[in-house]
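The values are calculated or read from the model by the stated rules, or taken from the named source; none is laboratory data. Quantities reported herein were computed from a predicted structural model and do not represent experimental measurements. Ideal geometry is used to build each Cβ from the backbone, glycine not excepted, and the neighbour counts take in all protein chains shown. The accessibility values were calculated without ligands, DNA or RNA, using every heavy atom of the protein model including side chains. Shrake-Rupley method; radii C 1.70, N 1.55, O 1.52, S 1.80 Å.
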Amino acid sequence: MTELLAGGLITALIAGFLGGGHCIGMCGGIVSALSFALPPSQRHPARIAALMLMYNLGRISSYTLAGALVGGLGQLLIHNIQAITQVLGWLAVTMLVLMASYIGQWWQGLTRVEALGKYLWRFLEPLGRRLMPVTHPGQALLIGLIWGWLPCGLVYSMLILALSSGSATQGALLLFVFGLGTLPTLLLTGALARQVTHFFRQPLWRQASALLLLAFALWQALPLLGFSSPPHP
């Protein structure tokens, strides 16, 4: 595994976890619906956990597929346009800075990027609604596969990172690891929605998370500036 890929995977994992507040806002309602769709007599912890796991399996699978597609596109671009490597690298760094600005609430420009996916979502969202209410794991998996394409600025930032990787395999891996990073937050949301939301809205958490993402952006920028990036821990 190259140092650049290792750094990208660490970035993707941390970004997924630090973006917890955004994940709750985008997917928290869906996760809660999975719990409350069941009749009270059927709301057993094991059954709810199965629905949550299948939903997240579907969601992360869609992220991984998107990462593979975009990484493959990056591979095609780099193979045919040698000068594009630097451009894609700086684009990835820029998206990391925008992500940090969003999480730290310094600037909300990343939300405008989400509008790029609204046209595709117009076709997918009705399909997801037809599967509601969710009463068995198969439905939860399909819901997750569909909702994985929900317009999300954080996901788009990771897709730019996948694009700059110039590899379908690495792109898929980056988005898979990002999805794993979001998993703890969304699994906890089903059982501890109020406490989790309150935690991720704390100013200290937001600012620390944003600064950490900026540090990763600098890490990604060092090779582009002609420096050797420091060894990762």
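Averaged per residue, what accessible area in Å² does the range 44-177 show with a 1.4 Å probe, protein chains only?
Details: 6460 Å² over 134 residues.
Normalised by residue count, the accessible surface of the range 44-177 is 48 Å².
Carbon and sulfur: what percent of the range 84-197's accessible surface (1.4 Å probe)?
Of all accessible area on the range 84-197, carbon and sulfur atoms account for 69 percent.
Which FRET efficiency value, to the nearest 0.05, do you get for TRP90 and ALA50 by plugging their Cβ-Cβ distance into 1/(1 + (r/R0)^6) with R0 = 45 Å? Write out the running numbers ahead of the final one.
Working: r = 43 Å, r/R0 = 0.96.
Result of the calculation: an efficiency of 0.55.
Run the numbers for ALA115 and LEU131: contour at 0.36 nm per residue of separation, minus the present Cα-Cα distance, in nm.
On the way: separation 16, 0.36 × 16 = 5.76 nm, distance 2.44 nm.
Using 0.36 nm per residue and subtracting the Cα-Cα distance, I get 3.3 nm.
Measuring from label point to label point, each 7 Å out along Cα→Cβ, what is the GLN207 to GLN108 span in nm?
For the pair GLN207/GLN108, the computed spacing is 2.0 nm.
For the range 58-191, what number results from the quotient of the Cα radius of gyration and 2.2 N^0.38 Å? List each step's numbers first, then the result.
Working: Rg = 15.9 Å, N = 134, 2.2 N^0.38 = 14.1 Å.
Computed over Cα atoms of the range 58-191, the ratio equals 1.12.
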